Amino acid sequence: MVYNLDSFPSNHILIEGKNYLYFGGTSYLGLQTDVDFQNIFIKNIRKHGTNYGASRKSNVRLNIYDETEAYLSKLIGSETCVSLSSGYLAGQLIAQSLNTKKHSFFYAPNTHAALNLSITKNKSTQSYRELKAILSLHLANQTEQTPVVFLDAIDFYGTNFPDFEALKSLPLSDIILVVDDSHGIGITGENGSGVFKTIQALNPKELIVCCSLGKGFGIQAGAIFGSKYRINKLESTAFFGGSSPAAPANLATIVSAENIYTAKRKTLKHNIDYFINNIENLERFKWMKTHPAFSFSNEQLNKHLENNNIIVTSFRYPDETSPIMSRIVISAAHTEEDISRLCEVLNGY
């Protein structure tokens, strides 16, 4: 069922005059409705304006872009990074720039559509065993095209994050890895650094990480992390030069709200632990250690939650032909009382 709201959903939402607990969405740190975070964002709007529609290649440039990109690179552990207006645009920039005769594309299971070329219908492999087999065949038959493997760090099935055991089975030293960390960056890893350092330690031929900054950092923007060589190549494209950047106030907020991010991550960890310690039959969900999403496919359970005034994420994704995806999301905006009620309803099913 679709619910149309007039305001941003936090831990509670109002639907046709009725109050529901809300355990869905991607506002993992609950920032969008946090007053202190909003005040920092508003202050940055007053300094940097509501938007900046010029190209990053323009002769007039704002320092906040370089400052925030340097901050993010240090946090994530990459040589450098570049920001864009969205995570989807970041994925498309990488895919289109690597779409040359020098590369051949491969997609891990459950890879997000943002990493697919918009002009083709690339299909994910069904398993890492299949992916390994076609990669081995590719490498054995020719050496001119470097394989590029696209994958989601958080695939909501636990195949990748946090251990990446299946990924380790691939011939990584021969592969360029492109990893979408949209659902991890800002909330997982040391200080919200995501998976870059973890995957870099596996020694792929090259690592490129892209992401939305809207989920973990609560602002509209995207970013790409990698080597100076790769980022320079991306920045030299017409794709990058012809696109408008993220709003400067958005990026400024990432730097100036550091203390809030730190505090919210601690609250989120506490809430995840509280849920895990109070829920029965945790095995009915697919979940990943330290991540706040708990996925399930039981539509009757979803109806049971709704009948008890609890709404979770549940829709066909990424298109109408896909199976229904249901997901309980614990956020930093939830209270222990909220989570206790959720556990009570789940334990009573």
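Residues satisfying the criterion are absent from segment 294-311 (criterion: surrounded by 19 or more Cβ atoms within 10 Å (Cβ to Cβ), at pLDDT below 95 and under 20 Å from S10 (Cβ atoms)). Scanning segment 273-288 for residues that are assigned to a helix (DSSP H, G or I) and either surrounded by 14 or more Cβ atoms within 10 Å (Cβ to Cβ) or outside the structural domain of I339 (by the TED database) (or both) yields Y274, F275, I276, N278, R284. Taking the conditions (1) open to solvent by 50 Å² or more (accessible area, probe 1.4 Å); (2) under 26 Å from F294 (Cα atoms); (3) touching a residue at least 12 places away in the same chain (Cβ under 8 Å) in turn, K102 satisfies each one other than (2).
Among the candidates L172, L139, L202, which residue alone is at pLDDT below 95, surrounded by fewer than 21 Cβ atoms within 10 Å (Cβ to Cβ) and on the phi < 0 side of the Ramachandran plot?
L139
Scanning segment 37-54 for residues that are exposed (fewer than 14 other Cβ atoms within 10 Å of the Cβ) and either assigned by the TED database to the domain that holds S331 or of a type outside the set (D, E, K, R) (or both) turns up N39, I42, G49, T50, G53, A54. Scan segment 96-155 for residues that are polar (S, T, N, Q) and within 20 Å of L84 (Cβ to Cβ) and the total you get is 6. Is it the case, given these coordinates, that K289 is at pLDDT below 95, under 30 Å from K74 (Cβ atoms) and among the charged types (D, E, K, R)? Yes; evaluated as a whole, the condition is true for this residue. Looking across segment 142-169, just one residue is under 22 Å from the mean Cα position of the chain (by Cα), surrounded by fewer than 17 Cβ atoms within 10 Å (Cβ to Cβ) and of a type in the set (S, T, Y), and that is Y157.
In segment 1-44, the qualifying residues are those that are of a type in the set (V, I, T) and in a strand (DSSP E or B), and the one that is nearest to I330 (Cα to Cα) is I13.
In segment 216-267, what residues are among the hydroxyl-bearing types (S, T, Y), under 14 Å from L84 (Cβ atoms) and open to solvent by 50 Å² or more (accessible area, probe 1.4 Å)?
The answer is S244, and nothing else.
Only a single item in (1) modelled with pLDDT under 95; (2) farther than 19 Å from T253 by Cβ is not met by Y52, and it is number (2). Does segment 108-132 hold any residues that are open to solvent by 60 Å² or more (accessible area, probe 1.4 Å) and at pLDDT 90 or above, and which are they? Within segment 108-132, Q126, R129, E130, K132 meet the criteria. When Q38 is tested against (1) within 24 Å of the chain's Cα centre (by Cα); (2) touching a residue at least 60 places away in the same chain (Cβ under 8 Å); (3) closer than 15 Å to A252 by Cα, only condition (2) is not met.
Pull up segment 1-29, narrow it to residues that are small (G, A, S) and under 16 Å from N309 (Cα atoms), then point me to the one that is most open to solvent (accessible area, probe 1.4 Å).
Ranking the candidates gives G17 first.
The values are calculated or read from the model by the stated rules, or taken from the named source; none is laboratory data. This structure is a prediction, so every number in the text was calculated from the model and none was measured. So basically every Cβ, Gly included, is an ideal-geometry build from the backbone, and we count neighbours across all protein chains shown. Just the protein is used for accessible areas: all its heavy atoms, side chains included, with ligands, DNA and RNA removed. Shrake-Rupley method; radii C 1.70, N 1.55, O 1.52, S 1.80 Å.
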